[in-house]
1. Please report the carbon-and-sulfur percent of the accessible area for the range A:114-307; probe 1.4 Å, protein heavy atoms only, DNA, RNA and ligands left out.
2. Based on Cβ point charges of +1 for Lys and Arg and -1 for Asp and Glu, what charge dipole magnitude is obtained for the range A:114-307 about its Cα centre, in debye rounded to the nearest 20?
3. Tell me, what is a quarter of the convex hull surface for the C-alpha atoms of the range B:456-527, in nm² with one decimal?
4. Where the only charges are on Cβ atoms (+1 Lys, Arg; -1 Asp, Glu), what is the dipole of the range B:436-499 about its Cα centre, to the nearest 20 debye?
5. Between the DSSP loop rule and a limit of at most 14 other Cβ atoms within 10 Å, which chymotrypsin sites (Phe, Trp or Tyr not before Pro) in the range A:215-319 are left?
6. Using Stokes-Einstein with the Kirkwood hydrodynamic radius over Cα pairs, what translational diffusion coefficient do you get for the range B:304-542 at 4 °C and a viscosity of 1.567 mPa s, in µm²/s rounded to a whole number?
7. Which value results for Rg/Rh of the range B:19-91 when Rg is the Cα radius of gyration and Rh the Kirkwood radius based on the inverse mean 1/r?
8. Counting only protein heavy atoms and a 1.4 Å probe, tell me what percentage of the range B:304-542's accessible area is made up of carbon and sulfur.
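The values are calculated or read from the model by the stated rules, or taken from the named source; none is laboratory data. The structure presented is a predicted model; accordingly, all values stated were derived computationally and were not measured. Cβ sites come from the backbone with ideal geometry, for glycine too, and all protein chains shown count toward neighbours. Ligands, DNA and RNA are excluded from the accessible area calculation, which covers all protein heavy atoms including side chains. Shrake-Rupley method; radii C 1.70, N 1.55, O 1.52, S 1.80 Å.
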Amino acid sequence: MSQSTPPIPPEDVRSAAEAEDAKLASAQRSYSQGQLVRRRFFAHKPAVVSMVVLAFIILLSITSIGFSGQGTGWWSKSFLSTGLTVDGGRPTMFNGAFLGEHPFGQDSIGRDYFAMVMRGTQQSLLVAIGVALSSTVLGVLVGALAGYFRGWIEAVLMRITDVVIVVPLLALAAVFGAYAQGLPGGTLTLALAIGLATWTGTARLVRAEILSLREKEYVSAAVAMGAHPARIILKHMLPNSIGVIVVNATFAIATAILLETTLSYLGFGVQAPETSLGALIQNNQNAFTTRPWLFWFPGLFIIAIALSVNFIGDGLRDAIDPRQKRSGASRPGWRTAFGLLGRSTAEERAGKQVSELSGGPTQMQPPAGMTDHGPDFGHDPTDEKRDS
Amino acid sequence: MPAPVLSYKDIRVSFATEFGDVDAVKGVSFEVMPGEVVAVVGESGSGKSVTSSTAMGLLPENASVEGEVLLEGRNVLKMSTAELRRLRGSDISMVFQEPMTALNPVLRVSDQLVEALQVHEVAFGSEALEKAIELLERVGIPEARTKIRQYPHQFSGGQRQRIVIAMAIACGPKVIIADEPTTALDVTVQAEILDLLRELKQELNTGILLITHNMGVVADMADRVVVMLNGEVVETGPVAKILGHPEHPYTRRLLAAMPLLREAGDPSLELEQEQERVSVSERAASEARHGTATGKGSGAASPVPAALEAKDVALEYKFRRKATRVVHDLNFIVQPGEIMGLVGESGSGKSTVAKAVLGLLDVAEGELRVRGENMPTLPSKQKKALKREIGVVFQDPAASLDPRFPIGDIITEPMVVHKEGDKNSRMARARELLDAVRLPSSVLNRYPHELSGGQRQRISIARALTLNPTLLIADEPTSALDVSVQAAVLELFSELQQHYGFACLFVSHDLAVVDSLAHKVLVMQNGRTVEQGTTDQVLRHAKESYTQQLLAAAPVPNPEVQARRRTERQRLLAALG
């Protein structure tokens with residue numbers, strides 16, 4: 001039973017401790033947590049394209065008609081001024097000319113529809129960001145307090161959360177929306193009010209995350225050194241649950257746009273003469289068969305915004321928690337993102353792994369020193385921790 | 001010469017990752033004969049688990065494998081999925097490290113065993129059930145006929161591992177791959193499981209491929225040893241040769257790094273006792289000085305208070321207003337500058353004691369005095385001030401440092417919490433401490449995920465020492481580390497202890513580690529004190545039978561000595577009934 005031992009170069013004959021120290025001394029490029037996340041995010045094609053699309057939509061809506069919407073940008077028409085209806089208000093952008101007089105057409109009283117859609121986009125984005133902001137702040141606050149302090153604080157906060165969840169979201173949002181109409185501040189107030197109805201998901205997720213972080217040894221270490229709860233929550237727990245929070249906030253944006261659309265459609269959202277994408281659709285729903293462009297243009301913008309925000313959220317989630325799926329050689333392409341290219345079943349994977357050369361979705365062994373310890377999404381949010 | 005039952009020929013495995021391909025195994029060849037135990041040893045990252053799991057086809061999707069794995073002459077790597085599936089469990093089976101996760105918690109043991117038998121068409125229906133009961137009896141589960149109806153959580157860790165082994169031998173495999181089968185178990189249970197594996201091997205003439213990092217287990221079990229380093233085999237040979245006369249410098253270092261439980265009469269002991277006497281007198285002198293310098297009102301005549309003192313302490317966990325008492329009537333004193341080892345098996349309550357001292361758990365009864373003051377009853381301001389005097393090192397190097405903090409911030413955090421120093425003096429302190437734990441100061445701006453386990457544990461120690469505490473709580477600080485890394489950390493730890501002179505409560509399950517560090521030892525079992533005294537008294541002249549059992553169960557990395565210890569242990573157990 002003689003086996004030829006391959007010659008080992010002398011530098012390999014080290015104890016693991018020394019080898020590790022040597023590796024550290026050899027100044028290799030070091031990545032911070034943030035850099036790693038950025039790297040992964042920019043390798044996620046659908047997310048990057050979506051970001052470009054979203055940035056384009058935001059720039060377009062702001063530069064074209066300006067913040068006021070009164071034609072202060074490069075597009076001279078205001079979304080409020082009426083005029084003569086040319087050619088039945090048909091869009092001019094398909095008629096040979098580059099954009100023409102009214103690229104998106106005109107509505108029934110001759111307002112420029114491009115300016116209106118741009119204004120609607122501005123308002124819808126404002127609502128989306130306002131809702132995401134207020135619901136995230138509220139949700140994180142409730143979730144963090146409930147998760148950290150447990151006991152009666154948790155009981156009270158989570159029962160309040162349950163009550164808000166039980167009431168149908170749309171009814172609640174409609175009540176808050178109607179109430180916000182009486183307050184100054186316009187669309188932003190509306191957005192903050194809608195946020196009061198949508199924070200529950202974030203609160204529950206953040207609580208679950210905090211519950212799991214509570215058991216981490218670095219939190220125990222901070223408690224043992226006498227750190228104040230505020231410091232532990234703000235410095236240790238929230239930064240480590242930033243993944244859940246950011247990802248959830250992006251999805252909240254997408255939800256908020258659709259919620260605002262629904263509210264405006266029902267008449268509880270943005271009020272005339274102010275407009276939003278949802279309001280535009282609502283106002284022109286009867287024109288769908290006769291003048292479909294009045295329906296299509298705002299609809300397209302809603303789809304574009306909601307879809308790109310969702311993809312960005314996807315990309316962020318994958319970037320912040322690479323263990324959840326894919327990495328290495330196979331980045332998600334467009335077809336995978338749309339679910340057209342299914343992932344192989346466990347059975348196929350088991351068979352493939354021995355013969356196949358290319359990498360697969362699971363990242364098993366990152367190179368030494370690159371191991372990531374991002375937030376873990378795998379925790380069961382309902383996991384009851386032992387009272388201690 | 002019989003044909004090998006399992007042979008690896010020039011195995012190469014690489015993983016595709018985010019940062020390019022990583023070669024985990026670089027051309028490894030070895031063989032397992034029928035009825036032979038081949039131990040693959042190596043530290044983490046050596047590729048020992050990856051190599052062996054190629055035989056089961058259990059590598060993740062991003063791995064690529066080259067070479068040949070022959071199971072009785074058939075190449076496993078060329079097999080189709082269906083062939084592989086037939087192979088797994090019947091010709092080759094596996095015993096995993098964690099017995100809890102290896103069994104399905106929602107299925108009865110009977111269902112899982114019967115399934116294993118039916119899938120491989122060994123037996124069906126009631127016949128399979130009978131066979132399953134036989135198997136459980138074979139692996140030493142008492143009252144198998146009634147117990148087989150129970151769920152995995154109703155068994156203890158050792159019994160679960162026995163059930164996993166029963167499943168592994170269910171279809172009479174030619175080879176069993178045991179991947180760290182006893183690492184998650186207590187030493188006494190480990191010894192029992194190893195006994196069982198040895199019996200089964202002789203009875204069934206199965207080849208066993210044992211993957212382990214524990215040289216004691218190797219000495220106890222193996223016929224032949226394969227030593228791996230960085231994905232390559234550095235040395236292979238019979239166990240007596242590898243452990244007795246290793247040729248390769250890496251093997252020698254690995255053996256030298258093993259902490260040893262010294263027996264009475266060990267020459268190094270007398271030397272140590274001599275040093276001890278000197279250092280005790282020195283310590284007393286320095287304490288006297290220290291005591292007068294910080295004398296607290298009550299006059300210089302009062303003796304220096306103990307660093308930590310427990311008086312009739314009882315601890316309990318509360319769950320839904322129901323308290324479960326896990327520690328009873330605990331009494332001990334740790335003098336300044338003294339290391340006390342707190343040893344016991346899992347569930348003994350040793351970590352709970354550490355938690356209570358750190359203020360992470362309320363004390364149900366009794367007094368827990370830190371420097372003479374009963375900490376649990378202090379008002380919160382004084383409590384916080386007292387916490388300056390306590391440093392902590394936890395077990396898991398992956399979880400004990402906040403991944404979002406750069407190392408510099410981690411080390412200086414205690415100063416920030418206690419509002420001490422300004423930015424510059426904090427950074428100066430961090431540099432000083434990094435120097436003390438022998439890490440370059442360039443580490444200050446790095447993040448924990450860039451460091452290895454041993455380095456992170458050194459950062460943990462540095463953080464614990466930031467405020468110059470008088471008491472350090474170390475909760476299994478080296479049990480997650482490789483032996484050579486553990487040796488380096490332990491050496492550093494005792495050096496720092498001599499330099500800074502802190503008292504320490506050192507919680508560990510490893511008697512050898514405690515032996516190398518502690519001045520005195522407290523043995524716990526089921527929340528009660530079994531025995532306490534100086535290290536020499538407890539570890540070499542144990543009075544209690546439980547301590548003797550613990551000592552006898554710890555394997556040593558020498559096949560002859562281990563064989564002798566094994567018979568001794570069996571005699572001890574027989575005497576105890």
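1. Working: 5620 of 7590 Å².
That share works out to 74 percent.
2. Working: 10 positive and 7 negative charges, 38 e Å.
About 180 debye.
3. Details: hull surface 20.3 nm².
Average projection, Cα convex hull of the range B:456-527: 5.1 nm².
4. Here the size comes out at about 240 debye.
5. Those that pass, being in a loop and sparsely packed, are A:Phe288.
6. Details: Rh = 18.3 Å.
The diffusion coefficient I find is 71 µm²/s.
7. Across the range B:19-91, the Cα-based Rg/Rh ratio is 0.96.
8. 45
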